[in-house]
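The next block holds one structure in the form of structure tokens; read it before the comments.
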Amino acid sequence: MDAEAQENFREFVANRSSALLRTAVLLSGGDRHAAEDLLQTALIKAAGRWHRIDEPEAYVRQILYRQQVSRWRLKWPRREVSVAEPPEGAHHGTDSSAAADLRVVMRGALARLTARQRTVLVLRYYEDLPEADVSRLLGCSVGTVRSTTHRSLARLRALAPELATLGTGEAGQQPSRDFSPVEVRS
């Protein structure tokens, strides 16, 4: 990697790593250490091909998703570990107690989903990708994405029925994307 490409890569990492880490934390079920490993692996892979990458963030996100898929396909899956520390850094602006409650409930519920279910929900609702893009990223059919999304949302509702009431704010107000990676509908 030449000096200019190296500087561009360092700038990308400095500017986008916190957003990529938030996605990695969601993909790993709230395990910040696993998320850091996932992001580091993705960045290492991207660094090796940096001079050939047209859209760096899309490329790194795709590596994140595929690495997570590889983890759930392992013969001996890792056990998920709960962590006391929230995945985001300090929140910007004012934060209502209902939003904080929703974040805590959502993290707990997402951590109890399987890695596959969590990944599909993060891609569909947090990353706001269409089903076709999710199926392409995960290497499965659109029908599989639809059925996994349906089952995942049903399980999420069963694990945390309070999400339906916590997610509703004042009339017409939608929950912020910062704390609600999954849109829960009744």
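The values are calculated or read from the model by the stated rules, or taken from the named source; none is laboratory data. Predicted model only: the values in this text are computed from it and were never measured. Because the Cβ atoms are built from the backbone with ideal geometry, glycine has one as well, and the counts that use them run over all protein chains shown. With ligands, DNA and RNA removed, areas are computed over all heavy atoms of the protein, side chains included. Shrake-Rupley method; radii C 1.70, N 1.55, O 1.52, S 1.80 Å.
Here are some notes:
- Qualifying residues in the range 63-92 (those that are part of a helix (DSSP H, G or I) and either modelled with pLDDT under 90 or aromatic (Phe, Trp, Tyr) (or both)) - the one nearest to residue 123 (Cα to Cα): 65
- Look at (1) at pLDDT below 90; (2) in contact with a helix residue (DSSP H, G or I) (Cβ under 7 Å, 6 or more places away or on another chain) and you find that residue 131 fails only one, number (1).
- Filter result for residue 5 (surrounded by fewer than 13 Cβ atoms within 10 Å (Cβ to Cβ), part of a helix (DSSP H, G or I) and out of contact with any Ser or Thr (no Cβ under 9 Å at 6 or more places or on another chain)): no
- Within the range 37-65, residues that are at negative phi and open to solvent by less than 40 Å² (accessible area, probe 1.4 Å) have Cβ atoms under 8 Å from residues that are of a type in the set (A, V, I, L, M, F, W, C) and not in a helix (DSSP H, G or I) in these pairs: 46/53; 47/1; 50/1, counting only partners at least 6 apart in sequence or on another chain.
- Test: residue in the range 106-119 that is crowded, with 19+ Cβ neighbours inside 10 Å and part of a loop (DSSP other than H, G, I, E, B): yes
- Residue satisfying condition, being at pLDDT 90 or above and not charged (D, E, K, R), within set 160, 115, 111, 154: 154
- Test: residue 176 is farther than 13 Å from residue 110 by Cα, at pLDDT 90 or above and open to solvent by less than 80 Å² (accessible area, probe 1.4 Å): no
- For the range 17-34, the set of residues classified as open to solvent by less than 80 Å² (accessible area, probe 1.4 Å) and either modelled with pLDDT of 90 or more or assigned to a helix (DSSP H, G or I) (or both) consists of 17, 18, 19, 20, 21, 23, 24, 25, 26, 27, 32, 34, listed by residue number.
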